[in-house]
């Protein structure tokens, strides 16, 4: 039987060699699958409104998407899925090349365009006595033989 906990969460992604630094403060639901495996579903806040004026006939898609993390000490999978057009799935495991898949859905919800990148996970750190409190993933992103940067993903679950 899995247990469920609602908690405030902070998620950030930074690049150590590119001008990428973004963070998300939100609430999440933590599901304990067994002693060392957890699912974390994050509520995605409403996207900021564009400062660019749109034509009166243009519509802004407000579909909610779910950010879902499958967490264990050995691997992490993070997915962004839902009714929106842009989706992704990252697979990180220390010392291996995992996959990062990105795709666009067409108006019918089917996958229209997709591509894959590789990521090499240098370090995966998961801290917490009983429940996860802190997760840090240090990885490189690759397209073929071209490195696309070094990244650090930090996740804090406040108990």
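Read-outs: derived from the displayed coordinates by stated rules, not from any lab. No experiment lies behind these values; they were computed from the predicted model shown. Quick reminder, even Gly has a Cβ in these numbers, built from the backbone with ideal geometry, and neighbours come from all protein chains shown.
Calculate the FRET efficiency for residue 35 and residue 143 from the Cβ-Cβ distance with a Förster distance of 30 Å, rounded to the nearest 0.05. FRET efficiency, residue 35 to residue 143: 0.20.
Each label was represented as a point 7 Å from its Cα along the Cα-to-Cβ direction; for residue 136 and residue 110 these points are 4.6 nm apart. Residue separation of residue 85 and residue 14 scaled by 0.36 nm, minus their Cα-Cα distance, works out to 23.2 nm of gained length.
Just subtract the alpha-carbon distance of residue 3 and residue 102 from 0.36 nm times their residue separation and send over the number in nm, one decimal. Could you put the intermediate results ahead of the total?
Numbers: separation 99, 0.36 × 99 = 35.64 nm, distance 3.08 nm.
Gain in length upon complete extension: 32.6 nm.
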